[in-house]
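Asks: What follows is a single structure, and I will ask about it in a moment.
The values are calculated or read from the model by the stated rules, or taken from the named source; none is laboratory data. Note that the structure is a prediction, hence the values are computed from the model and not measured. Reconstructed Cβ throughout: ideal geometry from the backbone, glycine too, with neighbour counts over all protein chains shown.
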Amino acid sequence: MLRALELAARGPATGANPQVGCVILSPGGEIIAEGWHRGLGTPHAEVDALSSLAPDGARGATAVVTLEPCNHHGRTGPCSEALIAAGVARVVYAVGDPNPVARGGADRLRDAGVEVIAGVEVERVEELMHPWLTAMRRGVPWVTLKWASSLDGRAAAADGTSQWITGEAARARVHLQRAAADAIMVGTGTVLADDPSLTARDTRGGLLPSQPIPVVIGDRELPATAQIFHHPQPLIAMHGHDLHAVLSGLFARGIRRVLLEGGPTLASAFIAEGLVDEYLLYLAPILLGGGNLATADLGVGTLTSARRLTIVQFERVGEDILVRARPREE
Ligand code: AOF
Ligand code: ZN
């Protein structure tokens with residue numbers, strides 16, 4: 001399973017489909033085939049692994065898969081049927097398929113007389129798949145909120161200047177984080193104030209291979225000259241009155257991971273509604289004082305109603321510090 005997990009991680013971490021890996025073992029326990037899923041519309045990990053074997057090469061074999069084999073005719077045929085047709089004797093998987101359309105593979109396999117073992121290395125596999133699994137289980141994308149602030153929590157100076165609070169290394173890291181998201185979201189206010197391009201770029205300004213879809217929330221009109229209209233992906237513009245509905249709408253379009261880079265107003269609305277799954281907070285060693293806090297009103301009137309987080313990681317990035325945190329589970 002740990003090998004299958006390694007293979008899974010070779011697939012793209014973005015897009016509507018999960019990262020899935022598969023190893024096929026001979027009846028004697030040796031690895032005879034490996035496969036992984038390379039993204040939407042391509043063969044699933046199980047079929048990818050089977051395809052490297054002769055037609056009867058998997059007879060009596062064990063298939064080890066990170067995700068329960070699917071049971072649906074989607075963009076490809078059901079993996080349950082492919083494993084049965086190949087004569088596989090045993091299927092071992094980690095995580096049950098959360099997709100209501102695709103699930104049911106384990107039962108189908110058992111009905112066909114295949115031995116099925118579930119839940120192997122489930123914690124490690126869930127860790128790799130956590131954003132995708134969370135999104136699929138609730139029908140709403142995984143939301144990562146990113147901001148950069150001074151050590152005293154300000155996102156801009158008194159005159160409104162807000163670019164280059166953090167250093168070059170942190171900016172390069174943000175671009176990688178953009179490339180790892182399916183969509184990048186800001187409010188119309190941020191587009192008007194900063195005219196961001198919302199692309200994922202390398203340190204020379206070239207476009208990275210994976211580009212998040214730009215999403216703009218709000219009612220203010222955008223000038224035709226806004227940089228965002230030159231993004232390689234077509235813009236999604238939505239009203240922001242019901243943020244949960246905004247997120248379900250993005251999920252329906254195949255978006256599983258949203259990076260929220262909006263200003264304090266949009267960020268705080270998401271926080272206040274409990275819609276943020278993860279925080280990426282860049283803290284620069286400068287002090288700005290005054291107003292312009294990174295967050296607006298969060299509806300926290302007293303300390304006991306504070307939004308409490310758990311820091312899951314912190315790291316020095318150049319001169320700055322990156323704090324990764326998640327809402328504390330009560
Ligand atoms: C994958 N890769 O290796 C496995 C998946 O859109 P489709 O037809 O490719 O089906 C996607 C669903 O298939 C996905 O949501 C998951 O439930 C199931 N298993 N998907 O993309 C794979 N094994
Ligand atoms: Zn499948």
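Asks: Just wondering, is there one or more residues in the range 136-146 that are without any contact (Cβ under 8 Å) to a residue 60 or more places away in the chain and touching a strand residue (DSSP E or B) at 6+ places or on another chain (Cβ under 9 Å)? Write out each step before concluding.
Replies: At the first step, the residues of the range 136-146 found to be without any contact (Cβ under 8 Å) to a residue 60 or more places away in the chain are 137-138.
Now drop any that are not touching a strand residue (DSSP E or B) at 6+ places or on another chain (Cβ under 9 Å), which leaves none.
No: zero hits.
Asks: Considering each of A8, A58 in turn, give the residue that is under 27 Å from V140 (Cα atoms), modelled with pLDDT of 95 or more and within 16 Å of ligand 2 (Cβ to nearest atom).
Replies: Working: A58 fails: under 27 Å from V140 (Cα atoms).
None of the other options fit; the residue is A8.
Asks: Quick check on the range 202-209. Is at least one of its residues of a type in the set (S, T, N, Q) and at pLDDT 95 or above?
Replies: To start, the set of residues in the range 202-209 that are of a type in the set (S, T, N, Q) comprises 203.
If we keep only those that are at pLDDT 95 or above as well, we get none.
No, every residue in the range 202-209 fails to be of a type in the set (S, T, N, Q) and at pLDDT 95 or above.
Asks: State yes or no: is A106 within 15 Å of ligand 1 (Cβ to nearest atom), at negative phi, of a type in the set (A, V, I, L, M, F, W, C) and crowded, with 19+ Cβ neighbours inside 10 Å?
Replies: Yes.
Asks: Here's a follow-up. Taking the criterion of being over 24 Å from V258 (Cα atoms) and either more than 13 Å from ligand 1 (Cβ to nearest atom) or of a type in the set (F, W, Y) (or both), would at least one residue in the range 6-18 satisfy it? Full working, then the answer.
Replies: Keep residues of the range 6-18 that are over 24 Å from V258 (Cα atoms), which gives 6-7.
Retained after the next criterion (residues that are either more than 13 Å from ligand 1 (Cβ to nearest atom) or of a type in the set (F, W, Y) (or both)): 6.
Yes, that holds for at least one residue.
Asks: With (1) of a type outside the set (F, W, Y); (2) in contact with a Ser or Thr (Cβ under 8 Å, 6 or more places away or on another chain); (3) over 30 Å from G318 (Cα atoms) as the list, and A252 as the residue in question, which single condition is left unmet?
Replies: (2)
Asks: Is it true that some residue in the range 109-132 is buried (at least 20 other Cβ atoms within 10 Å of the Cβ) and near ligand 1 (Cβ under 10 Å from one of its atoms)?
Replies: yes
Asks: OK, next. Within the range 14-28, can you find the residues that are more than 16 Å from ligand 2 (Cβ to nearest atom) and either in a strand (DSSP E or B) or surrounded by 19 or more Cβ atoms within 10 Å (Cβ to Cβ) (or both)?
Replies: Going through the range 14-28, the residues more than 16 Å from ligand 2 (Cβ to nearest atom) turn out to be 14, 25-28.
Result: T14, L25.
Residues checked against (1) closer than 27 Å to A252 by Cβ; (2) within 11 Å of ligand 2 (Cβ to nearest atom); (3) β-branched (V, I, T); (4) assigned to a loop (DSSP other than H, G, I, E, B):
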residue	(1), (2), (3), (4)
A33	no, no, no, no
G39	yes, no, no, yes
S52	no, no, no, yes
A63	no, no, no, no
T76	yes, yes, yes, yes
E81	no, yes, no, no
V88	no, no, yes, yes
P100	yes, no, no, yes
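Asks: So the check is Cβ under 7 Å with 6+ separation or different chains; which pairs have a first residue in the range 25-53 that's polar (S, T, N, Q) and a second one that's within 11 Å of ligand 2 (Cβ to nearest atom)?
Replies: S51/P43
Asks: Something else about it: Does the range 65-74 hold any residues that are within 11 Å of ligand 2 (Cβ to nearest atom) and not acidic (D, E), and which are they?
Replies: Those that are within 11 Å of ligand 2 (Cβ to nearest atom) and not acidic (D, E): V65, L67, P69, C70, N71, H72, H73, G74.
Asks: Checking the conditions here, which among D111, D107 is among the acidic types (D, E), farther than 18 Å from C22 by Cβ and within 16 Å of ligand 2 (Cβ to nearest atom)? Outline the logic, then answer.
Replies: Working: D111 fails: within 16 Å of ligand 2 (Cβ to nearest atom).
Among D111, D107, only D107 is among the acidic types (D, E), farther than 18 Å from C22 by Cβ and within 16 Å of ligand 2 (Cβ to nearest atom).
Asks: Tell me, please, whether a residue that is in contact with a Lys or Arg (Cβ under 8 Å, 6 or more places away or on another chain), at pLDDT 95 or above and of a type in the set (F, W, Y) can be found in the range 136-145.
Replies: Yes.
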